[in-house]
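Down below is the structure, laid out as structure tokens.
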Amino acid sequence: MRATIYIPNLNGSARLSLLLESLAAQTAACRVVLVDNGSEDDSIAMTQSRFPSATIVELGRNFGFGPALNRAIAEHGGDPLILLNTDVRCEPDFVAQMLAALDPDVEMVAGTLLKERAPDLIDSAGVVADRRTLMAFDYMNGRPASSLAGAPPPLAPSGGAALYRRAAFESVGGFDEKIFAYYEDLDLGLRLRAAGGRCALAHRARAQHGYSATLGHDPGAKYALTGWSRGYMLRRYGVMANPGGAARTLLCEAAICAGQIVLDRTFRGVSGRLRGWNDAAGLPTRQLPEGMLALPLATSLNRRLRRRPDARRR
């Protein structure tokens, strides 16, 4: 197999060059497609000059993470598909190890992101979520990299280091075009799992990840995006339909938004949630897959509140 790697980019030239250097050193052959969301820096010129074998898709404006990838994949295809954020640097055998984890019964593979400032610690080995609140968490975050061997797989990959079989990706319609950024990887994973798809963990496929480097460090901007996605996802998956689930979810959301208001002095997370909820009105409810976590409320809140800003990374 020869993987096709898709990299969504927006003004990420400095970080992008490090990623492309790491991909040029891979032990397994791969094709690289840069999906540019209307960058105003030298991302395109740098890639053309230093990495001429890379295919560049110039979209001209910012479509967001999932919609940009949908367009590029529809145009350039490939199988399997590997998605990477610009703020990662892959070890030389990353692609080979991702492919090695793709057995015949697996539709998606989660790579391992290590903390850039503490590379002996896991940043994310995929995504898991609480069934009752749809609160999402980076799998194995903060645990030593040595604990990866023998660990069970996550619910789904993080979009920052993910592999999908193209047929599975297309069978569920790819990324939701309404989700601009954040939680689109969870949504795709939920739909694939609900359709019977399986996820594997490639614990030897490792890359260093610079936290929050993809969209910068403005917490208000992230809260607006993550808030919209939270409101949209809660309504799409019918999380608020059950009175017990609604009470738990509202308590979690209130705690998160209160932290944003007090600590970062912004209401953009609140307004984002309201917009996302309204934008999901009238859309069909999606099915949650079996086997999701059911975490105690205190555990969910503790995991979320220690991960500021309120932004799951891809």
* Helix-only CD estimate at 222 nm, as mean residue ellipticity for the chain, using -39500 (n - 2.57) per DSSP H run (n ≥ 4) -> -11500 deg cm²/dmol
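Translational D (Stokes-Einstein, µm²/s) of region 219-261 at 25 °C and 0.890 mPa s when Rh comes from the Kirkwood sum over C-alpha pairs? Walk me through the intermediate numbers first.
Numbers: Rh = 10.9 Å.
Value of D from the Cα-based Kirkwood radius: 225 µm²/s.
When a/c reaches 1.5 or more, the comparison of a/b and b/c decides; with that in mind, is region 219-305 rounded, prolate or oblate per its Cα gyration tensor?
Oblate shape, in that a/c is at least 1.5 and b/c is the bigger or equal ratio.
Against the 2.2 N^0.38 Å scaling, with N counting residues, where does the chain land? I'd like the Cα-based Rg ratio to two decimal places. Intermediate values should be presented prior to the final figure.
Values: Rg = 18.4 Å, N = 314, 2.2 N^0.38 = 19.6 Å.
Compactness ratio reported: 0.94.
With +1 assigned to the C-beta of every Lys and Arg and -1 to the C-beta of every Asp and Glu, and no other charges, what is the dipole magnitude of region 219-305 about the Cα centre in debye, to the nearest 20?
Numbers: 12 positive and 4 negative charges, 33 e Å.
About 160 debye.
Name the helices (complete DSSP H segments) of the chain with a Cα length along the long axis of 18 Å or more and a Kyte-Doolittle mean of at least -1.0, or state none. Each step should come with its number before you reach the end.
On the way: long enough: 219-236 (25 Å, -0.67); 243-264 (30 Å, 0.91).
Helices passing the filter in the chain: 219-236, 243-264.
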* Please identify the trypsin sites (Lys or Arg not before Pro) of region 151-208 that satisfy two criteria: DSSP loop assignment and at most 15 other Cβ atoms within 10 Å. Which are they? -> 198
* **Considering only region 3-209, percent of DSSP beta bridges that pair antiparallel, nearest 5** => 45 percent
* Using a Gaussian network for the chain with springs between C-alpha atoms less than 10 Å apart, which of these wobbles most: 82, 261, 44? -> 261
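Under the rule that an exposed site lies in a DSSP loop and has at most 14 other Cβ atoms within 10 Å, name the longest stretch of the chain with no GluC sites (Glu not before Pro) of that kind, not counting the sites themselves.
Values: sites that count: 40, 177, 290.
The reported range is 41-176.
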* With a/c under 1.5 counting as rounded, go ahead and sort region 114-260 into rounded, prolate or oblate using the C-alpha gyration tensor (a ≥ b ≥ c being the square roots of the eigenvalues; past the cut-off, prolate if a/b is larger than b/c, else oblate). => oblate
* Considering the chain as a Gaussian network with a 10 Å cut-off on Cα pairs, which listed residue, 182, 139, 237, attains the greatest mean-square fluctuation? -> 237
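All of the numbers you see were taken from the coordinates with simple rules; none came from a lab. For clarity, every value in this text was computed on a predicted model and none was experimentally measured. Don't worry about glycine lacking a Cβ; one is built from the backbone with ideal geometry, like all the others, and counts go over all protein chains shown.
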